[in-house]
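The values are calculated or read from the model by the stated rules, or taken from the named source; none is laboratory data. Since the structure is predicted, the reported quantities are computational estimates derived from the model, not experimental observations. Cβ placement follows ideal geometry from the backbone for every residue including glycine, while neighbour counts extend to all protein chains displayed. Side chains included, ligands, DNA and RNA excluded: accessible areas come from the protein's heavy atoms. Shrake-Rupley method; radii C 1.70, N 1.55, O 1.52, S 1.80 Å.
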Amino acid sequence: RAALYQEPDLEAALDNRDLHLPKKVDIDGTSARLLPLCANVRSLAPLSVDVFLLVQQQRALALLFLVLSLINAPTVLERLQKSDEDDVFVRTSLGYLVAGSIGLGHVLWHAAQMCLMLIWCFVTCSKTVDGWRSMHHHLLEPEDYAVWINGLPRARTSDEIIALRKDFLRFISSYGDVAKVTMCRWLFPLSQYQRNWEIQKVTVREMLGIFYRIDETDKELRHRQWMRVSRAFTELEEAEKTLHDETRRLDISGQLPGTGDAFVTFHRVEEAERAVAKLTGESSEHFYASEHIYPPAVISHKANVFVGDAQQASLIEEGYLEQHEWTTSLFAAKAPNPSDVNWLQFGATVAKKRSQWLKAEFLIVLLLLPSLTCILVATWSQTEMNETYCSSVENGRGFICFMANQGIGLIPGVAFGFIFGFLPQIVENIEMNNLTTEKVVTIATRLATFQTLNLLLAPLGFLVIFGFEFSRGWYKLASGPTVMGLLIGAVIMQLVMATVNILFVLPQAFVAIVHAIPPLHSCVSGWYAALARDFPTTSAVFGILPVIGRFPLSQETLNEHFLLRCPIYVGLRCSDICVPLFVAVSFGAAFPMLYPIAILAFVIGECQDRVNMFRRLHPLPVLSNDTLVRLICGVIFPLALICRSALLLPMLTPHLEDVTSTLRCAQVIVLATCFSAGSMLVSQMRVIWKGSEAGEGPSKEEKAYPTLDEFEAGSKEKGARLSERMKDGLPHPLSFGGEQKYSPTGWLSSHLNQLHLMSNESDKASKFTHLEYNPLPK
């Protein structure tokens, strides 16, 4: 119990925070201080290459929309100066123009904007992808020493895996000096027992925190609270025992099968590269598994029970069991970063992934159905109101109708935040992905798709009602869900998130001030402990309040107060960029006010990134490919340009001066834009479909790579001083972020001894789920 609980210490919590957050180290290495929030944006690169490149793309898009805003500013200001009965959004829109007011020059003006967008899209995408590859190309990372092997026999139990690893190690050692091997098994059935153990551990810590804050003279109250601690600790021991028992039961019953994957870590980078080149070539090696590994089908009906290794030889001699030679082709690829492996869902079968995907899709439909239904109902009612009540503007009705038309934007705007809160949880906890990269890309794609659909359903619905004609009535009704929807969804909701970030920093100040004054700390912590002890329901409700809702009573809770884990953060931020980009580009020709709104959204987004990365977030996983950075300018931007081209022609047609020649010119512009954007989209999708490679590893011109031991030694010393001392021997900068070994983290420590086979002597005694071991002695 003493090892489980530790009194909260503010200095220890700050040290833990400073250990993970970026710091500026003095030249002599004696002290370090956190980077300021206004630090250079390149300071984000060592923290997360993906966040840094997202910020760079965000800045490039903000600059593009600033240029477009300045281009459209004279026209918008001219329209605003005219007095008209229409509202401000209609006057600034394309619908304010009268018939025959658009000539060839105006069409070419729109063509110049689309040409600028195409060039910007291509240059930004190319620069971003090159930057991602360059940063990984010149950075030596743990995965450069490792190889991901797939295609091994799917052994079912620990005994079978022990037999399999001997054959596999003998095979893979021919490619080089093997340092570590991690053979993977299906962990998901243990997730509920692991989660229950973690919940019970938090409960025990809370109970102990309350106990130590009861006055020693109140023996009766201390006795009652100690009984609660004892019950909670008993439940914790039961949860731990259940975890061990279920691991053993599921292992024996074959419900924790091998995934057919192994991560092999070599002592040298060249050996890993050689293994990947050999196993991915046309002459892929064939792996032979000895008779110790066999499927149940080879057992004769006379021996209808599963037999062990000791009985196998006699059964083969007697003819009950056939000698089975299992030969399979292995496939190798560069291993992902250890922090990118999603151990809990790693190795899910195709059937399991499909069933979980269908379940997630069903829940997402249930999530979207109320929002889309409300939008459709509001669209119909808004049309009726404008045809009846607002048809004749009298005595202030114009202002009421304007407010009502803009009020429809509240529905998609609020639903924007609603989807943002729940959809990532569905994807993260229900869908099955081997890597965090896959999950992050899925979350970004789903959020961007459904939030954009949520924002654009109303204007497209009004377009259907008006018979696909962009009349002034359409501009009056569509301005609310388009302009106000984006303003509320992308700007107001971002401001809400920024407020949440501020409310995260404020509790840190509140806790720090309380800890700095010992009498105040004793009084406040005692009050929170008494509230949790005597009124647990009231304490839970009070915990919802920002800043002062909760007060940490243990060291672990205090550490979590200053540091947040959010591995899917990059996916969330990517969707925040995609939605304003798609809406502003698609409908920017109709509503130029969308450009400054998108700029405001991007500015708030960068402020969020700075607060989160420099003050709040635990280091993010290292993504294994560049799919996410391609998504914004390689997929969403071209799609938005195609959508803009499809809408531009019917938008301009009612206002053309010379229908024949001008319309022909507009058609040529639309077709050229669609072809260019479509070609870029197809090329990017082909790269994503084939699978973007995780960089090219270290520079191929340099061959003096440090060994794995030197790399791990550099990781322990955090890199700065070691790299300086071994500057001549280390041609590449080292990566010191994230996990360095291929093994699941966060498991019960005693359970890890059961889950991992750490040495060769424990072969017969250990039952394990993932096994990581050193090679057999030569």
Original post:
Checking residue 453 against (1) surrounded by fewer than 20 Cβ atoms within 10 Å (Cβ to Cβ); (2) farther than 30 Å from residue 626 by Cβ, which test does it fail?
Top reply: (2)
**OP:** Taking the residues in segment 1-52 that are closer than 30 Å to residue 212 by Cβ, open to solvent by less than 40 Å² (accessible area, probe 1.4 Å) and more than 25 Å from the chain's Cα centre (by Cα) as candidates, determine which candidate is modelled with the lowest pLDDT.
**Re:** 4
Original post:
How many residues does segment 562-604 contain that are farther than 23 Å from residue 629 by Cα and either in a loop (DSSP other than H, G, I, E, B) or touching a His at 6+ places or on another chain (Cβ under 7 Å) (or both)?
Top reply: 8
Original post:
Do we have residue 443 as of a type outside the set (Phe, Trp, Tyr), modelled with pLDDT under 85 and open to solvent by less than 30 Å² (accessible area, probe 1.4 Å) here?
Top reply: no
**OP:** List every residue pair whose Cβ atoms lie under 8 Å apart, where the two residues are 6 or more positions apart in sequence or sit on different chains, the first residue falls within segment 212-235 and is on the phi < 0 side of the Ramachandran plot and open to solvent by 80 Å² or more (accessible area, probe 1.4 Å), and the second residue, located anywhere, is modelled with pLDDT of 90 or more and assigned to a loop (DSSP other than H, G, I, E, B).
**Re:** none
Subject >> Pick from segment 542-556, criterion hydrophobic (A, V, I, L, M, F, W, C) and modelled with pLDDT under 85, ranking: surrounded by the fewest Cβ atoms within 10 Å (Cβ to Cβ) >> reply: 544
**OP:** Could you look through segment 485-495, keep only residues that are open to solvent by 10 Å² or more (accessible area, probe 1.4 Å) and at pLDDT 75 or above, and pick out the one that is nearest to residue 609 (Cα to Cα)?
**Re:** 495
**OP:** Filter segment 60-110 down to residues that are surrounded by fewer than 19 Cβ atoms within 10 Å (Cβ to Cβ), modelled with pLDDT of 70 or more and either at positive phi or in a loop (DSSP other than H, G, I, E, B) (or both), then give me how many there are.
**Re:** 1
Original post:
Considering 610, 615, which residue is open to solvent by 10 Å² or more (accessible area, probe 1.4 Å), modelled with pLDDT under 85 and assigned to a helix (DSSP H, G or I)?
Top reply: 615
Original post:
Do you know which of the residues in segment 142-173 that are among the hydroxyl-bearing types (Ser, Thr, Tyr) and over 12 Å from residue 263 (Cβ atoms) is surrounded by the fewest Cβ atoms within 10 Å (Cβ to Cβ)?
Top reply: 173
Original post:
Residues in segment 662-699 that are at pLDDT below 80, closer than 25 Å to residue 435 by Cα and surrounded by 15 or more Cβ atoms within 10 Å (Cβ to Cβ): how many?
Top reply: 6
Original post:
Counting only residues that are touching a Ser or Thr at 6+ places or on another chain (Cβ under 7 Å) and surrounded by fewer than 20 Cβ atoms within 10 Å (Cβ to Cβ), which one in segment 174-192 is farthest from residue 271 (Cα to Cα)?
Top reply: 180
**OP:** State which residue is surrounded by the most Cβ atoms within 10 Å (Cβ to Cβ) when the search covers only segment 557-588 and only residues that are small (Gly, Ala, Ser) and under 15 Å from residue 637 (Cα atoms).
**Re:** 584
Subject >> Condition check for residue 601: within 14 Å of residue 581 (Cβ to Cβ) and in contact with a Pro (Cβ under 8 Å, 6 or more places away or on another chain) >> reply: yes
**OP:** Could you check, for segment 639-655, whether at least one of its residues is in a helix (DSSP H, G or I), among the small types (Gly, Ala, Ser) and more than 23 Å from residue 469 (Cβ to Cβ)?
**Re:** no
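Do you know which of the residues in segment 129-139 that are surrounded by fewer than 23 Cβ atoms within 10 Å (Cβ to Cβ) and in contact (Cβ under 8 Å) with a residue 24 or more places away in the chain is farthest from residue 623 (Cα to Cα)? Quick ask: steps written out before the conclusion?
Within segment 129-139, the subset surrounded by fewer than 23 Cβ atoms within 10 Å (Cβ to Cβ) is 129-131, 133-135, 137-139.
With the extra rule that they be in contact (Cβ under 8 Å) with a residue 24 or more places away in the chain, the set shrinks to 129, 131, 133, 135, 137-139.
Working: 129: 14, 131: 14, 133: 12, 135: 13, 137: 14, 138: 16, 139: 14 Å.
Looking at the filtered set, the residue picked out is 138.
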**OP:** Quick one: in segment 408-440, of everything that is open to solvent by less than 30 Å² (accessible area, probe 1.4 Å) and at pLDDT below 70, which residue is farthest from residue 742 (Cα to Cα)?
**Re:** 408
**OP:** Return only the number of the condition from (1) in contact with a helix residue (DSSP H, G or I) (Cβ under 6 Å, 6 or more places away or on another chain); (2) assigned to a helix (DSSP H, G or I); (3) of a type in the set (Val, Ile, Thr) that residue 147 does not satisfy.
**Re:** (2)
**OP:** Please find, within segment 496-531, the residue that is most open to solvent (accessible area, probe 1.4 Å) out of those that are of a type in the set (S, T, N, Q) and at pLDDT below 85.
**Re:** 499
